[in-house]
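Rule-based calculations on the coordinates, nothing more; no lab input. Nothing here was measured: the structure is a model prediction, and the numbers come from that model. Ideal geometry is used to build each Cβ from the backbone, glycine not excepted, and the neighbour counts take in all protein chains shown.
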Amino acid sequence: MTASCVVGLQWGDEAKGKIVDLLADRHDFVIRYNGGANAGHTVVANGRTYKLSLLPTGVLKPHLMSVIGNGVVVYPPRFLEEIDNLKAQGTEVGDNLALSDHAHVIFPYHLEEERLNETGSGQTIGTTGRGIGPCYQDKVGRVTAIRVGDLLHADYLRQKLHAIVPRKNRMLASFGNGLKTFDADQITEEYLGYAERMRPYVKDTIRILHDALREKKRLLFEAAQGSLLDVDHGTYPYVTSSNSCPAGIWSGSGVPARNLEQVIGVVKAYTTRVGRGPFPTELNDGPDGVGEKIRKAGNEYGTVTGRPRRCGWFDAVAVRFTAALAGADQLAVMLLDVLSVADEIKICVAYDFEGERLERFPSDPFVLERCRPVYESMPGWRSEIGSARKLTDLPLATRRYIDRLSELIEKPIGIVSVGPDREQTIFVEQ
Ligand code: GDP
Ligand code: IMO
Ligand code: MG
């Protein structure tokens, strides 16, 4: 197998981190191709919990090569802090990590621009506040963008920042609700300091990956966010600013899509969403309702921002769409144990749009907003399933539930997860 991808098929937090960690040893490289420190990937291993935001999950295994591709946006203090934290926990980070010289850099004015956007009177998205959107805006706009490689050329960086920062100050002042201004000299000095510490990691990652392909190394791509948050294909404008579905691999790493031989689509056994935007199967059934029970049992609070995640039933209409979009070969169904709290389990099999039954995910966001879920109901199992290690250890009702998901999504199920630990995983024989 040349290249595989682990991708989320909902609105993020599907437990991609756990799957990447489980599959990493079958590969030589783990590569992030999109997003930045808006991601929060949790891995429970060796009795410890690791939370990764910007670094690929592969860094937990120093014998593997971890790559931050050109499609990622990097906030240098966060990059360095994450490395320091790992080292403090006893995980070695050195030559096993490469950061693309073409990745774009997040500056303090990006964070401020996002803060003003999100607190102003215009459209708000409910972002993670990590400067992701404004940095990608600059990348596409070109003239106010700075890449990681630029940080290593002091004179060039100083010159660029002296042109960009006054422009940004004028733009930020025009928001009306902002008082903060930035100083080009101060930012230059600060970032030159980061650059010296980042220098050993900065590489031509495209060359590294092309060499890896030539040497028949096995690559594992780790998507950030979920396909419904993809900037082109997700629930726009309530999305992130990159291609989180595998479409982002080619542009975000330089590895041609034709090398991708396996796509593992990761889903929760239910649905969560952080931030604003349509969510047809959201449960708003109060403090004693199933929504709150799922939130508690699944510990559904954002890794990055600590916000309570919105919780709801599994949406087979949405996932059938994203599974096709991602070209998923198989599904990994995660957090199945959480549904043990429900007496009755619902699956959204279609939408009702003003009396019309829709079985395909609508392209028009105004339609999606007004869709009501059409549910199929299944009996719950109400028993602890965290110790199951094979399908036959699961109650019949649980097996029926995952079989039904597979049928509705039209994809086989390859992995079932019944708890956060590595061991709490069932690999389904195909
Ligand atoms: P990611 O962003 O897709 O990597 O997902 P997150 O790490 O943000 O959220 C998934 C959470 O669920 C993490 O806290 C995991 O430790 C946890 N988790 C993973 N698999 C399971 C599972 O099968 N059951 C339970 N209860 N928790 C799980
Ligand atoms: P992982 O990789 C869940 C959401 C934010 C917001 C929208 C835009 O852990 O699955 P952004 O800061 O990217 O501009 O915010 O996207 N979002 C995520 N939701 N999991 C994530 O990452 C997310 N990354 C961004 O909540 O709604
Ligand atoms: Mg997450």
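Helical runs (DSSP H, four residues minimum) scored at -39500 (n - 2.57) apiece and divided by the length of the chain put the mean residue ellipticity at 222 nm at -9500 deg cm²/dmol.
With both bridge residues required to lie in the chain, what share of the DSSP beta bridges run antiparallel, to the nearest 5%?
The antiparallel proportion sits near 40 percent.
Of the beta bridges in segment 2-102, as assigned by DSSP with both residues counted there, near 40 percent are antiparallel. First measure r as the distance between the Cβ atoms of Gln137 and Arg382, then evaluate 1/(1 + (r/R0)^6) with R0 = 41 Å and state the FRET efficiency to the nearest 0.05. FRET efficiency, Gln137 to Arg382: 0.25.
Gain on full extension, evaluated as 0.36 nm per residue between Glu344 and Thr91 minus their Cα-Cα distance, stands at 86.8 nm. Taken one residue at a time, the phi angles of segment 23-34 give Karplus couplings (6.51, -1.76, 1.60, θ = phi - 60°) of 8, 4, 5, 8, 10, 10, 10, 10, 10, 8, 10, 8 Hz. Gly and Pro are set to x. Shown here for segment 174-261: GluC sites (Glu not before Pro) in loop regions (DSSP other than H, G, I, E, B) with at most 15 other Cβ atoms within 10 Å, namely Glu215.
Shape summary of segment 101-222, radius of gyration then Dmax from alpha carbon positions: 17.0, 55 Å. In this rough spin-label picture, where each label sits 7 Å from Cα along the Cβ direction, the Ser174-Lys296 distance is 5.0 nm. Once the Cα-Cα distance is subtracted from the 0.36 nm per residue extended length, the His210 to Gln159 segment shows a gain of 15.1 nm. For segment 138-188, applying the loop criterion from DSSP together with a ceiling of 11 other beta carbons within 10 Å to the trypsin sites (Lys or Arg not before Pro) yields Arg142.
Comparing mean-square fluctuations of Thr281, Thr398, Thr49 from a GNM of the chain with C-alpha springs under 10 Å, the top value falls on Thr49.
In this structure the amide hydrogen of Ile31, modeled in the peptide plane, comes within under 5 Å of the amide hydrogens of Val67, Leu220, Phe221, Glu222, none closer than 5 places in sequence on its chain. Could you work out which residue, out of Gly327, Gly176, Gly306, moves most in a Gaussian network model of the chain, that is, has the largest mean-square fluctuation with Cα springs under 10 Å? Between Gly327, Gly176, Gly306, it is Gly176 that shows the largest mean-square fluctuation.
Among the listed pairs Lys87/Lys293; Lys16/Lys390; Lys217/Lys411; Lys139/Lys296; Lys293/Lys411, which have their C-alpha atoms separated by more than 31 angstrom in this model?
Values: Lys87/Lys293 37 Å; Lys16/Lys390 21 Å; Lys217/Lys411 27 Å; Lys139/Lys296 39 Å; Lys293/Lys411 29 Å.
Among Lys87/Lys293; Lys16/Lys390; Lys217/Lys411; Lys139/Lys296; Lys293/Lys411, the Cα-Cα distance tops 31 Å for Lys87/Lys293; Lys139/Lys296.
Compared with the direct C-alpha span, the chain from Arg218 to Arg48 gains 58.5 nm at full extension, assuming 0.36 nm per residue.
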